[in-house]
């Protein structure tokens, strides 16, 4: 495939024909994932939640290769199609809101990629992406129920979990689970419910950070050899030192403040832990690309270190990178 000086596909031939459909294909990709979530009979929601982080990747590719205009057009088209499909059944106000959320969630990583194309450091662009999504989505879910007089997210989560936990325990009981294990399972589910209700903004922020990293870097990978996509390599992610100070401050606030005031500090701490997990995984990726030439081995390593408690070590690796400079020390070694 021939390319221009900016790394874009050269006009003419199959590349030119593909460019005609690149925007509608990028717009349809997130909608296909959403359709799978609702129409796959078994495990559709779980598969959709796993696949959704890849939804912005085609738009990120567009942003690297063709600029923010093409990516914004694809995001707007995707949101408009979703609103038109949902409108007759769900009401046009709710459908417009859903379309806006989808367009924003897939368009924001593309906007960060466009900033890289304009000369911004890729690591700082990702940090801005992570912070913006966390603040916007969490803030909207906190404020909108107050504006419209609807039930708060915390109460809605508690009501849903209060219904689902007894149903889950009953299903385990029917499966002849012994009484001791059943009691431990019930206790764990109750603790998980309380943590989810209390720290849902932080958990939402953690999911956004992890998923946006997938779309941001997968889209850059698919856009190469565009120069901005070459610069946005996952193994080169570095977080600035002040972020570590914010992590320490939020941890101290969570430990020292009264119980009633720990919520905000806990939310920030959870989101930053996810951010540092991504940073630590990028360090592992940096060395794995040198040590393991087989891609399957690298993928297996990434899956292995993502499990608890190894994920905590990965997050600590990312946290202390600002001081130890693990990549530079490794290259010297």
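Since every read-out is calculated from the coordinates, none of them should be taken as a lab result. Given the structure is predicted, the values throughout are model-derived calculations rather than measurements. Counting neighbours? That spans all protein chains shown, and the Cβs are built from the backbone with ideal geometry, glycine included.
Run lengths n ≥ 4 of DSSP H only: what is the helix-derived mean residue ellipticity at 222 nm for the chain, with -39500 (n - 2.57) per run over all residues, to the nearest 500? Present the calculation step by step, with values, prior to reporting the outcome.
Numbers: 16 runs with 270 residues, N = 333.
Result for the chain, helices only: -27000 deg cm²/dmol.
Distances over 24 Å make up what percent of all Cα-Cα pairs in region 198-333? Write out the running numbers ahead of the final one.
On the way: 3180 of 9180 pairs.
Tail fraction, whole percent: 35.
Please report how far the C-alpha centroid of region 273-301 lies from that of region 129-148, rounded to the nearest whole angstrom.
31 Å
At 7 Å along Cα-to-Cβ for each site, give me the label-to-label distance between residue 293 and residue 39 in nm.
4.5 nm
Using Cβ counts within 10 Å as a stand-in for footprinting exposure, how do 285, 140 rank, fewest first?
Numbers: 285 18, 140 14.
Fewest-to-most ranking of 285, 140: 140, 285.
How would 120, 181 line up from fewest to most surrounding beta-carbon atoms within 10 angstrom? Display every interim value, and only then the final one.
Working: 120 17, 181 10.
In order of increasing Cβ crowding within 10 Å: 181, 120.
What is the packing order of peptides 263-269, 49-55, taking the mean over residues of other C-beta atoms within 10 Å and listing the highest first?
Details: 263-269: 19.7, 49-55: 17.7.
By packing density, highest mean first, the sequence is 263-269, 49-55.
Hey, how many Å between the Cα centroid of region 230-271 and the Cα centroid of region 71-85?
34 Å
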